[in-house]
């Protein structure tokens, strides 16, 4: 650190990270395109071995959320042909949990030095960046997956490529209630190695 301003900035980022939690309920307040683009700008600053930019973002807001809702309902019916109208409607309503839904997907490339798993991790880091940026802007977020992330019906409805992989349905908006911030428990999860060779 070179000065007090650096310390303050680092402290602020630290507090944003450790105070993050999932939003359980969102207000209906729409977000401006500039806010969404700011979140995406933060997302694509994630570490990216090989500079392959394997992330893709599909933005759903307003009536366009119905595209995903209808696909979720159809995917449920494929999996459970006996699902009644109430169950299908409940499934479709998941797309409307927040005013903005960002479907984050990965499109890994064949690369001699960057295996697909590293590209998937990069997209996961992009989602984390997006979430932390949202929190810093006073917004809430919730990262969902479930069976619909692996549904070909959902992928087709969103016009995703065949080899594109959904890593998250990221809900964003003004938070009304959030989950309790869980303790940062490191017990049993950290190894401190020592070189005892003489």
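Whole Å is fine, so just give me how far the alpha carbon centre of the range 77-120 lies from that of the range 20-72.
If you average the Cα positions of each part, the centres end up 13 Å apart.
Run the quick spin-label model on residue 37 and residue 59: label points 7 Å from Cα toward the beta carbon, then report their separation in nm to one decimal.
It is 0.8 nm.
Under a 10 Å cutoff between Cα atoms, tell me which one of 70, 84, 163 has the largest fluctuation in the Gaussian network model of the chain.
Comparing 70, 84, 163 in the GNM, the peak value goes to 84.
When the convex hull of the Cα atoms of the range 42-198 is projected onto a plane and the area is averaged over all directions, what value comes out in nm²? All intermediate terms of the calculation are to be shown ahead of the outcome.
On the way: hull surface 55.6 nm².
So the Cα hull casts an average projection of 13.9 nm².
Once a ≥ b ≥ c are taken as the square roots of the eigenvalues of the Cα gyration tensor of the range 1-133, is the result rounded (a/c under 1.5), prolate (a/b larger than b/c) or oblate (a/b not larger than b/c)?
oblate
Could you work out how far helix 65-79 tilts from the main Cα principal axis of the chain, as a 0 to 90 degree angle to the nearest 10?
That works out to roughly 80 degrees.
Given bins 5 angstrom wide, list per bin the percent of all Cα-Cα distances in the range 91-140, short to long.
Bin by bin from 0 Å, the calculated values are 4, 17, 18, 19, 16, 13, 8, 4, 1.
Extending each Cα 7 Å along its Cβ direction at residue 162 and residue 16, get the distance between those two points in nm, one decimal.
4.1 nm
Simple spin-label model, 7 Å along Cα-to-Cβ: residue 45 to residue 190 in nm?
2.6 nm
Using only the Cα atoms of the range 50-105, build the gyration tensor, take square roots of its eigenvalues as a ≥ b ≥ c, and label the shape rounded, prolate or oblate: rounded if a/c is under 1.5, else prolate if a/b is larger than b/c, else oblate.
Numbers: a/c = 3.92, a/b = 1.83, b/c = 2.15.
Because a/c hits 1.5 or more and a/b fails to exceed b/c, the range 50-105 counts as oblate.
Relative contact order for the chain: what is it in percent, counting Cα pairs under 8 Å that are at least 6 residues apart? Write down the numbers at each step before the final one.
Working: 293 pairs, mean separation 66.7, N = 198.
Over the chain, the number comes to 34 percent.
Each reported figure results from applying straightforward, stated rules to the coordinates on display, with no laboratory input. What you are looking at is a predicted structure, and each value in this text was computed from that prediction instead of being measured. Reconstructed Cβ throughout: ideal geometry from the backbone, glycine too, with neighbour counts over all protein chains shown.
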